[in-house]
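What follows is one structure encoded as structure tokens, with my remarks underneath.
The values are calculated or read from the model by the stated rules, or taken from the named source; none is laboratory data. Please read these numbers as outputs of a predicted model, since none were measured by experiment. Heads up, the Cβs are rebuilt from the backbone with ideal geometry, glycines too, and the neighbour counts pull from every protein chain shown.
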């Protein structure tokens, strides 16, 4: 059986490793490892999905995943990758977000007896005695060394609060606590977590006289180096209420040609040989690979039924010009929609943010209703044009929204 370290490397997950010897340990022992998820929103997004896929590969190889929910660290906020301090959340908001994460993560790993486990660091962080924590943990951290970490260094000009400065200590303490409780010897995370992961491995060495490892995964980036998973409307969420399965499918269907192979390796379980065959062509035949990517990722996140519905809807829209049931829709009463400006309907459907944006798109010829291009920026919707109780509004080439008349 292939070593999981080799699998992760071949598929493009591995960025950095703290110590030599991890590959050998993963080949010969069953280890407990963890990834932390801070509840900064009420849903996971596609960046988290990369981490979950790495965990799934590890579990398939026989290792035990520990999902650490940041009910404690979420009260402080990680400064990594941020130019300003994160907005502080109430304890109620953090607890709500943690509960949402629990529901979502349960779909990706096997939490049966003796399998993956899920814990919340609020169990130990929120009850810490501050002075005791400073004496036991804070005394082992060099401020000079901490300030060389990228997560802090990048914030020095704008200002780094003492609240955020504590984050590295808290995350390092998480690793120590998981090592003591569950024998966890490996922390994994995004490459922006490198400094925090190093701190945790070093803390275990100092306190427990044991070797602990860290492994960072590459962030999900486009070929131009920008983060993937952002749209005009914001993040691409794993929650169907925030990003519909259809919109989720369409996001992956429309990735750039140069990004398809990387996404197939990171976000699906398709064999590498099959991925190589799908992506060997760089002309219009790459669309076959894009369709497969969209279907496989949507199936993993939303289930096969929703993936099939999204695929059918996309093919109907871009093929025969029809519409499927999973296209996003907004309901209007007859009185409400009759005479409504198209630009106002676009705002109510959430596909533009202002009348000005809608009018600009109309001037550019980028808006159509039931296939007819809207040419008048002050055009009103005519109720007599409604067929089968709905109208299909399109923005650009990729965004469709059904106006349902009730």
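A compact table of results
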| quantity | calculated |
| --- | --- |
| Options 11, 91: the member that is without any contact (Cβ under 8 Å) to a residue 40 or more places away in the chain and in contact with a helix residue (DSSP H, G or I) (Cβ under 8 Å, 6 or more places away or on another chain) | 91 |
| In segment 101-135, residue nearest to residue 32 (Cα to Cα) [restricted to those that are part of a helix (DSSP H, G or I) and touching a residue at least 60 places away in the same chain (Cβ under 8 Å)] | 105 |
| Test: residue in segment 178-200 that is assigned to a loop (DSSP other than H, G, I, E, B) and either out of contact with any strand residue (DSSP E or B) (no Cβ under 7 Å at 6 or more places or on another chain) or at pLDDT below 95 (or both) | no |
| Residue tally, condition in contact with a helix residue (DSSP H, G or I) (Cβ under 6 Å, 6 or more places away or on another chain) and surrounded by fewer than 19 Cβ atoms within 10 Å (Cβ to Cβ), over segment 178-194 | 0 |
| Filtered residue count, segment 205-246, keeping only those that are within 13 Å of the chain's Cα centre (by Cα) and on the phi > 0 side of the Ramachandran plot | 2 |
| Residue 274, sole failed condition from (1) more than 24 Å from residue 40 (Cα to Cα); (2) surrounded by fewer than 17 Cβ atoms within 10 Å (Cβ to Cβ); (3) at pLDDT below 95 | (3) |
| Hits in segment 331-349 - residues which are within 14 Å of residue 384 (Cα to Cα) and surrounded by 15 or more Cβ atoms within 10 Å (Cβ to Cβ) | 337, 338, 340 |
| Residue within segment 148-169 that is closer than 29 Å to residue 59 by Cβ, without any contact (Cβ under 8 Å) to a residue 40 or more places away in the chain and in a helix (DSSP H, G or I) present | yes |
| Identity of the residue in segment 137-147, touching a residue at least 12 places away in the same chain (Cβ under 8 Å) and either more than 13 Å from residue 195 (Cβ to Cβ) or not assigned by TED's automatic domain parsing to the domain that holds residue 205 (or both), that ends up surrounded by the most Cβ atoms within 10 Å (Cβ to Cβ) | 137 |
